[in-house]
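All of the numbers you see were taken from the coordinates with simple rules; none came from a lab. Here the structure is a predicted model, which means the values were calculated and not measured. Don't worry about glycine lacking a Cβ; one is built from the backbone with ideal geometry, like all the others, and counts go over all protein chains shown.
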Amino acid sequence: MPQKIPSRIKGIRKKTEKMEQETDVLIDTAKTQEELDKIRTEYLGRNGLLTRLLKSVPQLPLKYRPEAGGLVNTFKRKLEQNLRNKRDVLRKEKEQKELKIDITMPGISPELGSIHPVNQIMRRISQIFMNLGFKTVEGPEIETDYYNFTALNIPEGHPSRETFHTFYLDSGELLRSQTSPVQVRVMEKEKPPLRIIAPGRVFRPDATDASHSFMFHQVEGLVVDKNITFADLKGTLSVFVREMFGEKTRMRFRPHFFPFTEPSAEVDISCIICGGNGCRVCSFKGWLEILGAGLVDPNVFGTVKYDPEIWRGFAFGMGVERIAMLKYSITDIRLFFENDVRFLRQF
Ligand code: 2NL
């Protein structure tokens, strides 16, 4: 009799192993929750195969009950876990099917951005001069007094050095009020001949109105070579005016003064709205001022150690917003900086 008991445990082990194999296959192949419920009833229901096996454990002699009970209960927990796992898998599959994603539906395309009108014009200006052999150069927006003024022959006490014309920083540095310092830095580093343009932001503490902003953009140009004359300046700018404003646009030079050029001039073009007859845009003058220019002052060459007896140059500077306003008939500079897409979308 005592020898018969272990064989009964062996029997229980065999039965649980067999049930495990069966249920593994059944659960694996089940395709619906209903099928899973059926498996559960068949094994774990009140009269289920596993339930009956469990009920048979107390029939065993006390000594063997723990081992037999352990075997059956371990399998029971495993089976319950397997059923739960499969239930989760089926639930997820069902949810995905019910989402009914239509993969042929058009997506939501993000709105495309575009280049800011000021940058468009700045690139266009740069491009025209690049086609003439100029190289684009950039430099810092925070500058020293030396590069922004002294090296450009702007003397101590000059009005542009006043605090109401220039933003000064606590460090003693300043926000550049023109892009010429970039060109001074290039002259310091590179030997002539040079053909460069310096586009970028500049800052002046002007009161804001329809035509003034404390920050705007400039393109300056500089040519240094032997035998440069005012005719080279005129020829270069006339190509620019033609390319930028059209074949028919005329150009005139009015004498002016800049500390960094001598002689200097302000350059006008015939009004691109009325062709010179007079209209509101040109204040009935027929002409629009677009830039300042001149032959580089020998003092500037002296400062950067170019021999003024050998090297001559011309330089010019223009405000990008002003050119953009003329080209697009925009009457208020503030529109450029409000970032209203209804405005920006038009360009
Ligand atoms: C204006 C006038 C101008 C220059 C800028 C320049 C630069 C160097 C040397 C000499 Cl490094 N000149 N730049 C020359 C003439 C005029 O700008 O009305 N700008 C808005």
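May I ask for the net charge around Gly302, where only other residues with Cβ less than 14 Å from the Cβ of Gly302 are counted and Lys, Arg are +1 while Asp, Glu are -1?
Values: positive: Lys305, Arg312; negative: Glu188, Glu262, Asp297, Asp307, Glu309.
Once all neighbours under 14 Å are counted, the net charge is -3.
Helices in the chain, meaning DSSP H runs of at least 4 residues, each add -39500 (n - 2.57). Divided by all residues, the mean residue ellipticity at 222 nm is -13500 deg cm²/dmol.
Using the Cα centre as the reference, give the magnitude of the dipole from point charges on the C-beta atoms of the chain (Lys, Arg: +1; Asp, Glu: -1; all else neutral), rounded to the nearest 20 debye.
Numbers: 53 positive and 45 negative charges, 757 e Å.
The dipole magnitude comes to about 3640 debye.
Annotation: amide H-H contacts under 5 Å for Ser264 (H modelled 1.01 Å from N, sequence separation of 5 or more, or interchain): His256, Phe258. Computed from the Cα positions only, the extents of segment 47-98 along the three principal axes stand at 54, 20, 7 Å, in decreasing order. Can you pull the Kirkwood radius for segment 12-68, inverse mean 1/r over Cα pairs, to one decimal in Å? With all distinct Cα pairs of segment 12-68 included, I get 12.4 Å.
Rounded to the nearest Hz, the phi-derived 3J(HN,Hα) couplings of segment 66-81 under the Karplus curve 6.51 cos²θ - 1.76 cosθ + 1.60 (θ = phi - 60°) are x, 5, 4, x, x, 4, 5, 5, 4, 5, 4, 5, 4, 4, 4, 5, where x marks glycine and proline.
Of the three principal axes defined by the Cα atoms of segment 192-304, the extents in descending order read 44, 35, 23 Å. For the chain, modelled as a GNM whose springs connect Cα atoms under 10 angstrom apart, the maximal fluctuation among Arg52, Arg161, Arg254 occurs at Arg52.
Normalised by the residues of segment 1-76, what does the relative contact order come to in percent, with Cα pairs under 8 Å and at least six apart?
Details: 40 pairs, mean separation 29.3, N = 76.
Contact order relative to length: 39 percent.
Based on Cα contacts under 8 Å between residues 6+ apart, the chain shows a relative contact order of 14 percent. One Cα centroid belongs to segment 185-256, the other to segment 27-92; the line between them spans 89 Å. Summing Lys and Arg as +1 and Asp and Glu as -1 over all other residues whose Cβ lies under 13 Å from the Cβ of Arg322 gives a net charge of -4. Multiplying each eigenvalue of the alpha-carbon gyration tensor of segment 74-132 by 5 and taking the square root yields semi-axes of 64, 16, 8 Å, largest first, rounded to whole angstroms. Computed from the Cα positions only, the extents of segment 240-347 along the three principal axes stand at 53, 34, 22 Å, in decreasing order. In this structure, the amide hydrogen of Met215, modeled 1.01 Å from its nitrogen in the peptide plane, lies closer than 5 angstrom to those of Arg204, counting only residues at least 5 positions away or on a different chain.
Per-residue Karplus couplings for segment 231-237, computed as 6.51 cos²θ - 1.76 cosθ + 1.60 with θ equal to phi - 60°, are listed in order as 5, 5, 4, 4, x, 5, 5 Hz, Gly and Pro entered as x. All Cα-Cα separations within segment 32-182 were binned at 5 Å from zero, giving a P(r) of 2, 7, 8, 8, 6, 6, 5, 4, 3, 3, 3, 3, 4, 4, 4, 5, 6, 6, 6, 4, 3, 1, 0, each value a whole percent of the pairs.
Calculated on the alpha-carbon coordinates, the convex hull of segment 93-232 measures out at 276 cubic angstrom per residue.
I'd like the antiparallel share, as a percent to the nearest 5, of DSSP beta bridges with both residues in the chain. Could the numbers behind the result be given before it?
Working: 41 of 43 bridges.
In the chain, DSSP labels about 95 percent of beta bridges as antiparallel.
Of the trypsin sites (Lys or Arg not before Pro) found in segment 257-347, the ones in coil according to DSSP and having at most 15 other Cβ atoms within 10 Å of their Cβ are Arg280, Lys285, Lys305, Arg345. Does the chain classify as rounded, prolate or oblate by the C-alpha gyration tensor (a ≥ b ≥ c root eigenvalues; a/c under 1.5 gives rounded; else a/b over b/c gives prolate, otherwise oblate)? It is prolate, given that a/c is not under 1.5 and a/b is the larger ratio. The Cβ shell under 13 Å around Phe258 holds other residues with a net charge of -3, Lys and Arg each +1, Asp and Glu each -1.
What are the equivalent ellipsoid semi-axes of segment 4-99, built from the alpha-carbon gyration tensor (square roots of five times its eigenvalues), in whole angstrom, biggest first? Kindly include the intermediate steps, with their values, before the conclusion.
Details: eigenvalues 206, 24, 21 Å².
Gyration-tensor ellipsoid for segment 4-99: 32, 11, 10 Å.
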